[in-house]
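The values are calculated or read from the model by the stated rules, or taken from the named source; none is laboratory data. In this text the structure is predicted, and so the values were computed from the model without any measurement. Glycine gets a Cβ as well: all are built from the backbone with ideal geometry, and neighbour counts include every protein chain shown.
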Amino acid sequence: MQSFDYLIIGGGMVADAAARGIRELDETGTIGILSADIDEPYTRPALSKKLWTDPDFTWDQVPLGTASDTGAEIRLRSLVTSIDRDGRSVETDAGERFGYRRLLLATGSRPREIEARDSDRVLSFRSAEDYRRLRELAGRSERIAVVGGGYIGAEIAAALVQNGVAVEVVFPDAVLGAGTFPLEVAERYQRLFADAGVGLVAGRRVDGIDAGDSGIALVLDDGSRRDADAAVLGLGVTPVTDLAEAAGLSVDDGVVVDETLATGDDAIWAAGDIASYPDRLLGRTRVEHVDNAQEMGRAAGRSMAGGGEAYRHTPYFYSQVFGVRWEAVGTLDPDLDTLVVELDPDETGPRTVVYFRDDAGAPVGVLLWNVADARDAARLVLADAPTDESELRGRIG
């Protein structure tokens, strides 16, 4: 049985950041990464953004260079199926066993799916392999349907239409983005897609997909059907916590960790999409975005290597479509009371700040629409939690 000083389960951006964090404090300890992926760690946001829209961003900029930069030994196509906490070892689906002194769970998330006959014309979108498949489909398809209008579905729709593919998005809200933004901002968001030629099927859910040799048909909840050459599912993700649960670790909407990202087992940490952690501004939370993956991964690596610091970073998340970038910190829930502050526009269009407020009037989330370099200011707003509306209006601008 091969053993490592530091063993990481999962091969995404958290694993890369953790390996680098370890090396900041331990230059010689052995690092192993067991990844179910077929690619070494890579920059995931590029899969739905820059690879489609920036001609100067090429595939050779996607890999993160984890092995060469940190000396980590990466085992691809290695799905870990069990953890032996007493024996401090793990086992893979191939029957291989690996020992560890300290273990990091970075198993990430899996895409939600819809029942459909197995077909290369229907795919979820999460990995680099999914990106390559979609590129191939886009090259031979006239029309692609996107199921779901959330974060990933919207980015995929924008990417495809900007690459000459006719796109139709099916989503349950009355307005695209209405599950995230207040109505006036959601309407602005939807216009970006409509003006780009994206077909919008609002207020509908997909109950099933009929896939044939020459195309697919989405079966909607009202019994109607929408035909396309292929379909991409953008229905969100669920954290992969089954390994932690089977090992007897505490799981409650994620693997429960303390401020140093350690679990209840003093040899096991968790980070990234799966980690439920105590955020200094947001309370106990779980975040599924790249900023958290990078910052928490590094912090977990340092913690494993004896750093002992608390994870104090409140992450932000962002999206960029049709030249518009929005960023956010905290909770975006349009059912909350919202204060929309319009700033002077610049060459990129309207600049807007939206404060999402709790019952006491204190901000619990901040949306920055086309507002650059204001993430720290947004975090400060959440830390100060002012309830006076006139004060809030002047905080970011």
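General observations
- Of the criteria (1) at pLDDT 95 or above; (2) surrounded by fewer than 20 Cβ atoms within 10 Å (Cβ to Cβ); (3) touching a strand residue (DSSP E or B) at 6+ places or on another chain (Cβ under 7 Å), which one Asp242 fails: (3)
- Residue match in the stretch 364-383 (condition: among the hydrophobic types (A, V, I, L, M, F, W, C), within 23 Å of Gly177 (Cα to Cα) and loosely packed, with under 15 Cβ neighbours inside 10 Å): yes
- Here the stretch 183-219 is the region considered, the condition is being of a type in the set (Val, Ile, Thr) and assigned to a strand (DSSP E or B), and the residue that is nearest to Asp337 (Cα to Cα) is Val201.
- Breaking point among (1) touching a residue at least 60 places away in the same chain (Cβ under 8 Å); (2) out of contact with any strand residue (DSSP E or B) (no Cβ under 8 Å at 6 or more places or on another chain), for Gly223: (1)
- Enumeration of residues in the stretch 344-397 that are in a loop (DSSP other than H, G, I, E, B) and polar (S, T, N, Q): Thr348, Asn370, Thr387
- Filter result for Arg77 (at positive phi, out of contact with any Asp or Glu (no Cβ under 6 Å at 6 or more places or on another chain) and surrounded by fewer than 18 Cβ atoms within 10 Å (Cβ to Cβ)): yes
- Qualifying residue in the stretch 318-338 (condition: touching a residue at least 24 places away in the same chain (Cβ under 8 Å), touching a His at 6+ places or on another chain (Cβ under 8 Å), at negative phi and not polar (S, T, N, Q)): yes
- Number of the exception - Ile74 against (1) in the same structural domain as Ser35 (by TED's automatic domain parsing); (2) assigned to a loop (DSSP other than H, G, I, E, B); (3) under 29 Å from Ala299 (Cα atoms): (2)
- When Arg97 is tested against the conditions (1) at pLDDT 95 or above; (2) buried (at least 22 other Cβ atoms within 10 Å of the Cβ), the lone failure is (2).
- Among the residues of the stretch 97-124, the ones that are out of contact with any Ser or Thr (no Cβ under 7 Å at 6 or more places or on another chain) and more than 19 Å from Asp242 (Cβ to Cβ) come to 12 in all.
- Residue under evaluation Gly254, criteria (1) more than 20 Å from Val165 (Cβ to Cβ); (2) surrounded by 20 or more Cβ atoms within 10 Å (Cβ to Cβ); (3) out of contact with any Lys or Arg (no Cβ under 9 Å at 6 or more places or on another chain), criterion not met: (3)
- Gly297 being buried (at least 22 other Cβ atoms within 10 Å of the Cβ) and over 18 Å from the mean Cα position of the chain (by Cα): no
- Matching residues in the stretch 209-225 - criterion: being of a type in the set (Gly, Ala, Ser) and loosely packed, with under 15 Cβ neighbours inside 10 Å: Gly212, Ser214, Gly223, Ser224
- Whether a residue is buried (at least 20 other Cβ atoms within 10 Å of the Cβ), touching a Leu at 6+ places or on another chain (Cβ under 9 Å), not assigned by TED's automatic domain parsing to the domain that holds Ser48 and not in a loop (DSSP other than H, G, I, E, B) was assessed, and Val341 does not pass this test.
- Only one of Val62, Val14 that is buried (at least 22 other Cβ atoms within 10 Å of the Cβ) and closer than 27 Å to Thr238 by Cα: Val14
- Being over 27 Å from Ala36 (Cα atoms) and touching a Phe, Trp or Tyr at 6+ places or on another chain (Cβ under 6 Å) is a property that does not hold for Gly164.
- For the stretch 17-42, taking the residues that are closer than 22 Å to Ile152 by Cβ and touching a residue at least 40 places away in the same chain (Cβ under 8 Å), the one that is surrounded by the most Cβ atoms within 10 Å (Cβ to Cβ) is identified as Ala17.
- Counting only strands (runs of 3 or more DSSP E) that sit wholly inside the stretch 87-182, those with at least 1 residues that are under 19 Å from Ala228 (Cα atoms) are 122-124, 143-147, 166-170.
- Within the stretch 165-194, being over 23 Å from the mean Cα position of the chain (by Cα) and free of Cβ contacts under 8 Å to residues at least 24 places away in the same chain holds for Glu187, Arg191, Ala194.
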